[in-house]
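Working notes, structure below.
What follows draws every value from the coordinates through simple rules; no lab data is involved. Note that this is a predicted model, so its numbers are computed, not measured. All Cβ positions, glycine included, derive from the backbone under ideal geometry; neighbour counts span all protein chains shown.
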Amino acid sequence: MSAVWHPFTQHGLGEDFPLITRGKGAELFTKDGGAIIDAISSWWVTTHGHGDPRIAKAIADQAQQLDQIIFAGFTHQPAEDVAAGLRAIMPESLTRVFFSDSGSTSVEVALKMALGFWTHRGESRSRIVVMDNSYHGDTIGAMSVGARGVFNQPYDPLLFDVTSIPFPEGDAQPTFDALEAACRDGAAALIVEPLVLGAGGMKFYSPQVLAEMRAICARHDTLFIADEVMTGWGRTGTLLACEQAGVVPDILCLSKGLTGGAIPLAVTMASEPIFEAHLSTDRAKMFFHSSSYTANPIACAAANANLAIWREEPVLERVATLASRMKARVDALGETLPIRNARISGGIAAFEMGEGDGYMAGDVPAMMRHCLERGVLLRPLGSTIYLMPPYCITEGQLDTVFQAVATI
Ligand SMILES: *Cc1c(COP(=O)(O)O)cnc(C)c1O
């Protein structure tokens, strides 16, 4: 019996787990050599493909040069290069780069930066505004600003109070009104997943709604935190989803595709006023956050290789090609199956199938088994089936994925 306790897994259902030994491009390989197409980018992280040679080489080289160094009181070139590389392609007003190691910690850092900002400015703003159905991670703070439900019910007594605004279904006016009211009450910050709510069910909303929410926050000096942990790195067709709305956040969270999905790393980018609020000769005003592996050099080397790929290769063209290939196949699927609410944004395709809505709807383990038997890794969110493959997935591999979906 294995001693491993897996994430988001009910071990009581007695499932066997495939043992994966290798990954290449859009494929994973099991111990006995079987190929599985990774149609969800190994939980939304793999962008260019598994085993990207440039990223793998950067990791190997850096591991021999400098593996780890305390990041308080020291710096190193890989981290300096990541910060400079991000500054060159991310919105100009995001002048500061704080490193951590996962999407959840990048969110915790963003929330602490927002509260630090208001505290050091001498204003008692601490209320965080969130959108219904959001997901920002599984640590206590990240869960607090995410949707409440079956996933966090046991921990509810530990979660802090937030103000929720409705997800903009059709008419977004109730969303704007609720946000306006919260901001008028002196909210510290709004945290939002731009354009696509991932774990909440791949729910899409328009760039116009995002732009209006940003404008409302700006009018009231409420900080605007964009959690682009999933949507960043081309997932919605642009480097950042925020670009499609022409908005720039005060604080930006990035992780997942930051290293191409090869190794954990995250950054929280902040505008100069946020940094300046912590800038003082008073040590009590420093930003009190660290993790042991902050800006780990090996992870930073992987991020630099990813940044080089973005500079030198036509990544967004690959995403556009993937989008049109998925659109053709989703349209065809809709002609033979009763799928609902089909939608595509860059490298994400989603639709609902079967009865009911929500995470616990549908027999997800059975659907996953069905796809695995056909060499496809999919992990539906209840009745929501989605594809989010690495950008290198081939037409033939997409056909295999859609054949598996068509027979669910
Ligand atoms: C995945 C995700 C997170 C959490 O990232 P981890 O690396 O799993 O901690 C946070 N926000 C969003 C939008 C995500 O999709």
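Tabulated values for the structure
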read-out	value
Helix runs (DSSP H) in the chain reaching 30 Å along axis by Cα, Kyte-Doolittle at least 0.0	315-336
Whether the stretch 267-408 is rounded, prolate or oblate, judged on the alpha carbon gyration tensor where a/c under 1.5 counts as rounded	prolate
Alpha-carbon Debye profile of the stretch 217-342, log10 I(q)/I(0) at 0.17 Å⁻¹	-1.06
Calculated FRET value between residue 280 and residue 181, using beta carbons and R₀ = 45 Å, to 0.05	0.85
Alpha carbon convex hull of the stretch 276-360, projected area averaged over orientations, nm²	11.3 nm²
Spin-label model distance (nm) - residue 206 vs residue 15, 7 Å beyond Cα toward Cβ	3.8 nm
Dipole moment magnitude, nearest 20 debye, the chain about Cα centre, only Lys, Arg, Asp, Glu C-beta charged	440 debye
Of all DSSP beta bridges in the chain, antiparallel share, percent nearest 5	65 percent
Point-to-point label distance, residue 5-residue 332, nm (Cα→Cβ direction, 7 Å offset)	4.5 nm
DSSP loop GluC sites (Glu not before Pro) with at most 16 other Cβ within 10 Å: longest gap in the chain	170-354
Inter-centroid distance (Cα atoms) of the stretch 95-134 relative to the stretch 225-286, Å	11 Å
Counted charge near residue 146, where neighbours are those whose Cβ lies closer than 11 Å (Asp, Glu -1; Lys, Arg +1)	-3
Dipole moment magnitude, nearest 20 debye, the stretch 12-151 about Cα centre, only Lys, Arg, Asp, Glu C-beta charged	460 debye
Computed over the stretch 89-226, Cα set: Rg, Dmax in Å	14.6, 42
Sites residue 164 and residue 399, calculated FRET efficiency, Cβ-Cβ separation with R0 60 Å, nearest 0.05	0.90
Sequence-distant aspartates and glutamates (8 or more away, or on other chains) whose Cα lies within less than 19 Å of residue 31	15, 16, 373
Alpha carbon convex hull of the stretch 239-295, volume per residue in cubic angstrom	91 Å³
Over the stretch 1-154: Kirkwood hydrodynamic radius from C-alpha pairwise inverse distances, Å	19.9 Å
Positive-end residue of 68, 406, 302, charge dipole of the chain with Cβ unit charges	68
Stretch gain in nm, segment residue 68-residue 370, where the contour uses 0.36 nm per residue and the Cα spacing is subtracted	104.5 nm
Compactness index (Cα Rg / 2.2 N^0.38 Å), the chain	0.98
Calculated FRET efficiency for the pair residue 243/residue 173, C-beta based, R₀ 25 Å, to 0.05	0.50
Share of pairwise Cα separations in the stretch 67-169, more than 21 Å, in percent	51 percent
Nearest-20 debye value, the stretch 106-241 charge dipole, Cβ charges on Lys, Arg, Asp, Glu	280 debye
DSSP-assigned coil residues among trypsin sites (Lys or Arg not before Pro) in the stretch 73-163, each with at most 13 further Cβ atoms within 10 Å	121
